[in-house]
Amino acid sequence: MARTRDHAPSQRATIHQAAARAHYDQDILYPLIDAAIIGTVAIVQDGQPIAIPMAIARLEDHIYLHGSRTSRLMQHLAAGHELCISLTHLDGLVVARSGMHCSANYRSAVVHGRGQVVEDEVEKAQRLHDIVEALIPGSRGDFREHLPKELKATTLIAVSLAEAACKIRTGEPNDDKDDLDLPYWAGVIPIERQYGEPIPAADLSTAVATPAYALHYPQRA
């Protein structure tokens, strides 16, 4: 069940608009994040708002972001500045009898916080493998080890999920009672994510079979 704004982890993480759709529970937040591949990372740098789509992965109670150490964004995050991460799954278009009541069914999350750099090289190497496994379940062990130069060139940032909120809409249109007898269609147009057949690299040896994690993505191992 949705919790009230009194259960929000902070004032800025409190959902005010359509508060009945708010959720602050880990058992709702974590699967929502796990189903995402891309999140939008927003910062303010030199007085200018910047929003960058990035691959995200949840490991325990943190979201991990990785990128080139020469990236201005990663340098900004590594300095400990405030950030916001948002993601949305669109599940359906809600068609009402009034354009003002047309809507969407969705699952969204917003995370506020600061980034913390993973400094330890052993931990960084392990976490980077964990990130790939989170994004491509079942692929662990199907890659070579990271090269030292690759680890040196990569910044890994951990963002706590302590200050996060979800907002979810499901169900049918909410038409005005006076509109229910109008001769217009109303309902939901579902939206589903579909994955195609794996396409081997052009230079892949024919002796290398397509692994199960690619054939059956995104099933969990």
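Using a Gaussian network model on the chain with a 10 Å cutoff between Cα atoms, which of Asp175, Asp27, Asp46 fluctuates the most? Looking only at Asp175, Asp27, Asp46, the largest GNM fluctuation is found for Asp46. Direction-averaged projected area, Cα convex hull, segment 124-163: 3.5 nm², rounded to one decimal. Approximating the spin labels as points 7 Å out from Cα along Cα→Cβ, the Ser68-to-His89 distance works out to 3.3 nm.
Fewest-first ordering of Leu156, Leu32, Leu215 by other beta carbons within 10 Å of each residue's beta carbon gives Leu215, Leu32, Leu156. So which trypsin sites (Lys or Arg not before Pro) in segment 123-153 end up in coil per DSSP with only 11 or fewer other C-beta atoms within 10 Å? Passing sites in segment 123-153 are Arg144. Computed on the Cα atoms alone, the convex hull of segment 1-95 gives a volume of 147 cubic angstrom per residue. Taking chymotrypsin sites (Phe, Trp or Tyr not before Pro) across segment 142-221, the ones in a DSSP loop with at most 15 further Cβ atoms lying within 10 angstrom of their Cβ are Phe143, Tyr184, Trp185, Tyr195.
If one takes the longest principal axis of the Cα atoms in the chain, at what angle in degrees, from 0 to 90 and to the nearest 10, does the Cα axis of helix 121-135 lie? Rounded to the nearest ten degrees, it is 40. Net charge near Gly171, counting Lys/Arg +1 and Asp/Glu -1 over other residues with Cβ under 15 Å of its Cβ? Result for the neighbourhood of Gly171: +1. Note on segment 58-114: semi-axes of the ellipsoid equivalent to its C-alpha gyration tensor, largest first and rounded to whole Å, are 35, 13, 10.
For segment 138-216, pairs of C-alpha atoms spaced more than 22 angstrom apart make up 68 percent of the total.
Of the residues Ser108, Ser86, Ser139, the one that moves most in a GNM of the chain with alpha-carbon contacts below 10 Å is Ser139.
The GluC sites (Glu not before Pro) of segment 119-221 meeting both criteria, a DSSP state outside H, G, I, E and B (loop) and at most 14 other C-beta atoms within 10 angstrom of the site's C-beta, are Glu119, Glu145, Glu192. Ranked by how many other Cβ atoms sit within 10 Å of their own Cβ, fewest first, the residues Cys84, Cys102, Cys166 fall in the order Cys102, Cys84, Cys166. Over the C-alpha atoms of segment 86-187, the Rg to Rh ratio, Rh being the Kirkwood estimate, stands at 1.26.
Near Ala57: Cβ cut-off under 12 Å, other residues only, Lys/Arg at +1 and Asp/Glu at -1. The net charge is -2. Pairs of C-alpha atoms in the chain farther apart than 32 Å represent 33 percent of all such pairs.
Throughout, read-outs are computed from the coordinates displayed, never taken from laboratory work. Remember, predicted model here, so these are calculated numbers, not experimental data. Cβ atoms come from the backbone with ideal geometry, glycine included; neighbour counts cover every protein chain shown.
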